[in-house]
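Asker: Before we start, here is the structure in question, set down as structure tokens.
Just so you know, all these numbers are worked out from the coordinates, no wet-lab data involved. Every value quoted in this text rests on a predicted model; they were computed, and no experiment measured them. We place every Cβ from the backbone using ideal geometry, glycine too, and count neighbours over all the protein chains shown.
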Amino acid sequence: MAVTTILLCSQLCGCGSGGGSGGGSDSVSASDPGLPQLTTPSPTTAQHEISSINAFTAESTQGPNFATAQYIEASSADLVGDGKTDNTAALKILLGDGNRTIHIPAGDYVSGKIYIPSNTVLLLDSGVILQNSGQLGPEDSFINIAASTNVYVSGYGAKVLGDRDVYPPGEQRHGVLITESDNVVIDGLESSNNAGDGFTISAPEVPPQGQYSENIVLNDCLASNNRRQGLSIVSARNVYVVNCQFQYTQGTAPEFGIDLEPDFPDQLLDHIIILQPFTLANHGGGIAIYLENLNANSYPVDIEILDHRSESESPPLATTGSPYVPGTIQYTAD
């Protein structure tokens, strides 16, 4: 375990002249007073934290911690996994109002916007592809977990695939959007080729502000070739991102593997745990922590990034924000 250079960028979305490439010369070291409390835990403390996080994640991904009333085999629900048939209506009926455990067999399922309601377990076989039909509106996302409680997705070998080339340049049309939701676990899922982010954890952008998602676990997930970010965390509490890979982000700034960026002063980055992330060849850089929208009255940030592995990108970590933002950021690199 080692500590890498930590950069402070004066404008994260345009470091230097690279338009988010992270290649500017106007960065300074981690000791700059503009950084909010950025620290490195001792090896003993870090190892204890890693053990605790792994134990929590293993328990969280053993299966859902809630019960559902129905078990449904999707093969009996008129889904057609031929890579051509539009399954939007069939998936809407299959998901219903929630309270269901749904098993989806391997196949290429084309669909428009999907909402996953509360108390839903999705068991996706290896070989499942949920394919964006290319019909999303400018502010839409493909898979939406919105104002939902209790969602569990098991998806090893399954993919959420966008079609970024059919959409004009922009920041939206994320692959998986988790907003204002509680108790969400996504295990082993890939979300790639999206016109926005692979995964986004956020809150609504309309009043009242101060909302957030909480108790979210992303484990062993992959985000590749997304346009804006692999993962954005905008407003959240108690988030665990464990052993995930974010790679080849390019197209719309900031173009990082992971971006932690509140939009408003009353949003939260509270107990955000990112363990052993692998960021690879993202055009903007590895991990960005952008706190300029927070202030001295904001809730204290609490961010822990341990054993970050970064390859073929620069910078590995970029941070910017007022020195008056309360809280701590802990960081170690593998």
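Asker: Going highest first, how would you order 234-246, 300-312, 119-131 by mean Cβ packing within 10 Å?
Answerer: 234-246, 119-131, 300-312
Asker: Follow-up question, since we're still on this one. Once the Cβ-Cβ distance between GLN47 and ASP125 is put in as r, and R0 is 41 Å, what FRET efficiency do you end up with, to the nearest 0.05?
Answerer: 0.70
Asker: Now, a different point. So which chymotrypsin sites (Phe, Trp or Tyr not before Pro) in the range 250-334 end up in coil per DSSP with only 14 or fewer other C-beta atoms within 10 Å?
Answerer: Sparse-neighbourhood loop chymotrypsin sites (Phe, Trp or Tyr not before Pro): TYR324.
Asker: What is the sum of charges around SER192, taking Lys and Arg as +1, Asp and Glu as -1, for the other residues whose C-beta is under 10 Å from the C-beta of SER192?
Answerer: Summing Lys and Arg as +1 and Asp and Glu as -1 gives +1.
Asker: Charges at C-beta only: +1 for Lys and Arg, -1 for Asp and Glu. How large is the resulting dipole of the chain about its Cα centre, in Debye rounded to 20?
Answerer: So the magnitude is around 280 debye.
Asker: On to the next question. Over the range 7-333, what is the relative contact order in percent, taking alpha-carbon pairs closer than 8 angstrom and at least six residues apart?
Answerer: Contact order relative to length: 15 percent.
Asker: Got a sec to turn the phi values of the range 322-333 into Karplus ³J(HN,Hα) couplings, 6.51 cos²θ - 1.76 cosθ + 1.60 with θ = phi - 60°, whole Hz, x for Gly and Pro?
Answerer: Per-residue couplings from phi come out as 5, x, 8, 5, x, x, 9, 10, 10, 8, 9, 10 Hz.
Asker: If you take the square roots of the eigenvalues of the alpha-carbon gyration tensor of the range 262-333 and sort them as a ≥ b ≥ c, do you get rounded (a/c under 1.5), prolate (a/b over b/c) or oblate?
Answerer: prolate
Asker: May I ask you to sort THR57, THR44 by Cβ crowding, counting other Cβ atoms within 10 Å and putting the fewest first?
Answerer: THR44, THR57
Asker: To the nearest 10 degrees, how steeply does helix 43-60 sit against the main Cα axis of the chain, on a 0 to 90 scale?
Answerer: So the helix axis and the longest Cα principal axis differ by about 10 degrees.
Asker: Residues with amide H under 5 Å of GLY327's amide H, sequence separation 5 or more or different chain, H placed in the peptide plane at 1.01 Å from N; which?
Answerer: Answer set, sorted by chain and number: VAL301.
Asker: At ALA281 and ASN54, where each label point lies 7 Å from the Cα along Cα→Cβ, what is the point-to-point distance in nanometres?
Answerer: 2.9 nm
Asker: Hey, another quick one. Of all DSSP beta bridges in the chain, what percent run antiparallel (nearest 5)?
Answerer: 0 percent
Asker: Next question, about the same structure. Which of rounded, prolate, oblate describes the range 226-281, given a ≥ b ≥ c as roots of the alpha-carbon gyration tensor eigenvalues and a/c under 1.5 marking rounded, otherwise prolate only if a/b is larger than b/c?
Answerer: oblate
Asker: Let me ask something else about it. Can you list residues whose amide H is under 5 Å from VAL217's amide H, if they're 5+ apart or on another chain and H is modeled 1.01 Å from N?
Answerer: VAL184, VAL185, ILE186, TYR240
Asker: Springs between alpha-carbon atoms under 10 Å, Gaussian network over the chain: tell me which of PRO254, PRO316, PRO105 tops the mean-square fluctuations.
Answerer: Taking springs between Cα atoms under 10 Å, the residue moving most is PRO105.
Asker: Each residue of the range 169-174 in turn: what ³J(HN,Hα) in whole Hz from Karplus with 6.51, -1.76, 1.60 and θ = phi - 60°, glycine and Pro shown as x?
Answerer: x, x, 10, 9, 6, 6
Asker: Please list, in order along the range 125-130, the HN-Hα scalar couplings obtained from phi with the Karplus expression 6.51 cos²θ - 1.76 cosθ + 1.60 (θ = phi - 60°), rounded to whole Hz, x for Gly and Pro.
Answerer: Using θ = phi - 60°, the values come out as 5, 4, x, 6, 10, 9 Hz.
Asker: When a footprinting reagent is the concern and you count Cβ atoms within 10 Å, what order do SER148, SER141, SER60 take, fewest first?
Answerer: SER60, SER148, SER141
Asker: Here is a further query. Search the structure for amide H atoms under 5 Å from the amide H of ALA288, placed 1.01 Å from N in the peptide plane, and list their residues when 5 or more places away or on another chain.
Answerer: Correct list: ILE258, ASP259, LEU260, ALA318.
Asker: Each label point is 7 Å from the Cα along the Cα-to-Cβ direction; what then is the distance between the points at SER133 and ASN297, in nm?
Answerer: The answer from the label model is 4.6 nm.
Asker: Next question. Cα gyration tensor of the chain, axes a ≥ b ≥ c as square roots of the eigenvalues: rounded (a/c below 1.5), prolate (a/b > b/c) or oblate?
Answerer: Prolate shape, in that a/c is at least 1.5 and a/b is the bigger ratio.
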